[in-house]
Structure formats: structure tokens, C-alpha cells
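Okay, structure first, notes after.
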Amino acid sequence: MGRRRINAPRRGSLAYLPRGRAAGWMARVRNWPQVKLEKPKLLGFLGYKAGMSFMYVLSDIRGNPTFGQEVHHSVTIVETPPMLVVGYRGYSETSSGLQPSAEVWVKKLPRGLDEVLSAPKKDKPEAQTSAMSKTLTEVRAIVSTQPRETGVGRKRPELMEVKVDGGSVKEKLDYVNSLLGKEVQAPQVFAEGQYIDVAGITKGKGIQGPVKRFGVKTKQHKSRKTVRELGTLGPWTPHYVMYTVPRAGQMGFHQRTEYNKRILKVGIDGEAVNPSGGFQHYGTVKGSYVVVAGSLPGPSRRTVILRYAMRPPTMQEVTVPKVTFSGVGSSRAA
């Protein structure tokens, strides 16, 4: 007889290690795409996850077996209150990567933001930025959310940098200077049918064991000591516990980015998507919104970042989706 073959399949994914808690409630955007735009434009937007619903959309993906047919989509509604452009930064390329070279802030911060942030005082920063425009390679707008205008029930706004792409550096600087101290709406950034990436912090589940955290099979009920633990932590050699061994630890509250989520609807009237009685654990959408196909990371009220797609589908033409029936609101499309 030959040697007995021992099969030990991989338990859990090693794609996300270490599985530690995120640094905060808001995700970080580590990369911005290179988008070929004719005019300068913001490449991202902040929103709050309101809830989920469904839509029936005519499939417009050529080559798909369902082309021309009604397709059911689970959708997520994201409330996107107007963002305030409170400043911008210019970055220069160095041997150590992009480094901030110039910075401009509004003279007076809006209510709610001045309580948590003090804008740096500089002598004529606009002149400094225009003088360094020849060495700048990237321009990012500093934007602030307005949670007081939503159903989140939060007062403290979030700040983040959003890349400006399209045109020359001078055109980008002129664009952000024109937006300084003004509001930006979601329809000015995204269009229906566009593919985007969504970054967020997943729902936290606390400390969990290896059975729930990695899907390890439970032992028999008469096993020694416990049932919901590993049979062994590894072989004699090496003389340490390898990182691939499923162990108990933090589950959830991790940063995750979902790629190529399609926008099915963008609007400025929240009544068009509000269900009867509002969304559970959220309330009603008061202003502008974005309806995204599929689910998004995080629970209700969690901040999500919408960004232009890093690797959008190249074989598919971007068209406006035709919604035949919508489960959000009380409207029915013809």
C-alpha cells in the first residue's frame, strides 16, 4: 500500500492580512486614477450609506445572454450632500514620490468646521501657488462634508483630499480657485451609467473565533476540551505558530474597496428614492443621492468614498441605464 495522502485545504483567505481594525470610521484613498478629461473635474465624492432596495433595468451589455431583457438589480442608495471646497493643495514629483508644495485655504471656514479645524494662516498663498505652478504635477481639492443636511444625525464634518484631473496644471488651479468656498453637487462629478470604485469601512463584528472568522470545521462533540477550536496549531517544525494558521481575533471593521460598481441613478431630490417611513436605521434622504448597483461595505450611516474607476471595463460603452421599475420611492418608469 502507498502512503496515505493527507489533504489540508486552505482555510480562509490570505488576501487581507493582518486582519486588524481600521484606523478610523472613514476609509483612505491611496491611489487616484489617470482619467483623460477635456476639462478639469473632481474625481471623487463623499456620501453616507442610507440603505438598499431593488431596480429592474434593461440589460445593455452587448454579448451578454440577457441583452435587451429586464434584469433585477439590488441597489444601494448613498446620500451625497453638497461638498464644500475649503482649500486645495499642489503636489510636486520628487525622488520620494509626490510631496505637497503649496496650500490654499478659504479665509473663513463654514459653521461646524471652524469648531474642529483651524485653517493655517499664510501670506498670500495664491501668489505662492501660481509661482510654483510650473513645478506642480498634481492638484487636489480639500473638501468637507455637510452631515447636518442629512439624516445621519452627525454634526462633525469629514475632510478629505480629492484629485482634480483634466487639462493643464494652470487650468486645474483656475478650476479649484473658482470652486474655493463654494458647494459641489454629486451630479457635477458623476453621471448615470458610469463605473466607480467605492471605499468604506466594513461592519465591525468584534473578536471572533476561528470557526466564524475563517470557516474552520468544528470538531466532534466528544472532542477534548472544546469543539470550536483548532485541532492543532501546526507541526513540530518550525517551532512557532505560522501566520497561515487560523486564529481568533478581530473580525470586521476593515477597509475594503469595491471596484467597478455601476451608477444607475443620480439625483438631487431625495423624495424620489425615499421608501414609506424612510430607511431603517437611517431615516429619509433629504437632498442629492447616488444609486449604485450592488451592495457597498459598511452599515447604514457609514461614510463611503465614491471615486472614478481605477480599471473600468474597456469593452463596454458607457450608456445611461434604462430603469423599467424602481423599488426606491414610489415612482414607476415607463
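The values are calculated or read from the model by the stated rules, or taken from the named source; none is laboratory data. The model shown is predicted, which means the values in this text are computed figures rather than measured ones. All Cβ positions, even for glycine, are placed from backbone atoms using ideal geometry, and neighbour counts span all protein chains on display.
Outside any strand (DSSP E or B) and in the same structural domain as S295 (by TED's automatic domain parsing): does that describe E192?
Numbers: outside any strand (DSSP E or B): yes; in the same structural domain as S295 (by TED's automatic domain parsing): yes.
Spelling it out, E192 is indeed outside any strand (DSSP E or B) and in the same structural domain as S295 (by TED's automatic domain parsing).
Looking for something in the same structural domain as G270 (by TED's automatic domain parsing) and free of Cβ contacts under 8 Å to residues at least 24 places away in the same chain - is there at least one such residue anywhere in region 92-108?
Taking region 92-108 and keeping what is in the same structural domain as G270 (by TED's automatic domain parsing), we get none.
The answer is no, given that none of the residues of region 92-108 is in the same structural domain as G270 (by TED's automatic domain parsing) and free of Cβ contacts under 8 Å to residues at least 24 places away in the same chain.
Take the residues in region 36-58 that are outside any strand (DSSP E or B) and modelled with pLDDT of 90 or more; name whichever of them is surrounded by the most Cβ atoms within 10 Å (Cβ to Cβ). Reasoning before the result, please.
Step one: list which residues in region 36-58 are outside any strand (DSSP E or B), which gives 36-40, 43.
Applying the additional criterion that residues be modelled with pLDDT of 90 or more yields 39-40, 43.
Details: K39: 10, P40: 22, L43: 24.
The selected residue is L43.
Do we have F253 as surrounded by 12 or more Cβ atoms within 10 Å (Cβ to Cβ), touching a residue at least 40 places away in the same chain (Cβ under 8 Å) and under 22 Å from A22 (Cβ atoms) here?
Values: surrounded by 12 or more Cβ atoms within 10 Å (Cβ to Cβ): yes; touching a residue at least 40 places away in the same chain (Cβ under 8 Å): yes; under 22 Å from A22 (Cβ atoms): yes.
Yes: the conditions hold for F253.
Going by the structure shown, is V29 outside any strand (DSSP E or B), of a type outside the set (D, E, K, R) and either in contact with a strand residue (DSSP E or B) (Cβ under 7 Å, 6 or more places away or on another chain) or surrounded by 12 or more Cβ atoms within 10 Å (Cβ to Cβ) (or both)? Give the steps one after another, and end with the answer.
Details: outside any strand (DSSP E or B): yes; of a type outside the set (D, E, K, R): yes; either in contact with a strand residue (DSSP E or B) (Cβ under 7 Å, 6 or more places away or on another chain) or surrounded by 12 or more Cβ atoms within 10 Å (Cβ to Cβ) (or both): yes.
Here the answer is yes, as V29 does meet what is asked.
Among the charged types (D, E, K, R), surrounded by 12 or more Cβ atoms within 10 Å (Cβ to Cβ) and farther than 30 Å from P33 by Cβ: is that true of E258 in this structure?
Details: among the charged types (D, E, K, R): yes; surrounded by 12 or more Cβ atoms within 10 Å (Cβ to Cβ): yes; farther than 30 Å from P33 by Cβ: no.
No; evaluated as a whole, the condition is false for this residue.
Of the residues that sit in region 219-242 and are surrounded by 15 or more Cβ atoms within 10 Å (Cβ to Cβ) and farther than 14 Å from R10 by Cα, which one is nearest to the chain's Cα centre (by Cα)?
Of region 219-242, the ones surrounded by 15 or more Cβ atoms within 10 Å (Cβ to Cβ) are 219, 229-230.
Checking the rest, the ones that are also farther than 14 Å from R10 by Cα come to 219, 229.
On the way: K219: 39, E229: 35 Å.
Among them, the one singled out is E229.
Does region 2-24 contain at least one residue that is more than 30 Å from V245 (Cβ to Cβ), out of contact with any Pro (no Cβ under 6 Å at 6 or more places or on another chain) and assigned to a loop (DSSP other than H, G, I, E, B)? Step through it out loud before you land on a result.
Of the residues in region 2-24, the ones more than 30 Å from V245 (Cβ to Cβ) are none.
No, there is no match, as no residue in region 2-24 is more than 30 Å from V245 (Cβ to Cβ), out of contact with any Pro (no Cβ under 6 Å at 6 or more places or on another chain) and assigned to a loop (DSSP other than H, G, I, E, B).
Among the candidates V266, V216, V245, V285, which residue alone is under 17 Å from the mean Cα position of the chain (by Cα) and at negative phi?
Working: V216 fails: under 17 Å from the mean Cα position of the chain (by Cα); V245 fails: under 17 Å from the mean Cα position of the chain (by Cα); V285 fails: under 17 Å from the mean Cα position of the chain (by Cα).
Only one candidate qualifies: V266.
Assess whether V292 counts as being under 18 Å from the mean Cα position of the chain (by Cα), under 26 Å from G20 (Cα atoms), of a type in the set (A, V, I, L, M) and assigned to a strand (DSSP E or B).
Details: under 18 Å from the mean Cα position of the chain (by Cα): yes; under 26 Å from G20 (Cα atoms): no; of a type in the set (A, V, I, L, M): yes; assigned to a strand (DSSP E or B): yes.
Here the answer is no, as V292 does not meet what is asked.
Residue under question is G166, and the condition is that it be outside the structural domain of V291 (by TED's automatic domain parsing), touching an Asp or Glu at 6+ places or on another chain (Cβ under 8 Å) and either under 17 Å from L43 (Cβ atoms) or surrounded by fewer than 21 Cβ atoms within 10 Å (Cβ to Cβ) (or both); does it hold? Explain how you work it out, then say what you get.
On the way: outside the structural domain of V291 (by TED's automatic domain parsing): yes; touching an Asp or Glu at 6+ places or on another chain (Cβ under 8 Å): yes; either under 17 Å from L43 (Cβ atoms) or surrounded by fewer than 21 Cβ atoms within 10 Å (Cβ to Cβ) (or both): yes.
When the stated conditions are applied, G166 passes them.
Which one is surrounded by the most Cβ atoms within 10 Å (Cβ to Cβ) among residues in region 296-324 that are more than 30 Å from K36 (Cβ to Cβ) and within 15 Å of the chain's Cα centre (by Cα)?
Keep residues of region 296-324 that are more than 30 Å from K36 (Cβ to Cβ), which gives 298-302, 324.
Going one step further and asking which of them are within 15 Å of the chain's Cα centre (by Cα), we end up with 298-302.
Working: G298: 25, P299: 14, S300: 17, R301: 21, R302: 19.
Within region 296-324, the match that is surrounded by the most Cβ atoms within 10 Å (Cβ to Cβ) is G298.
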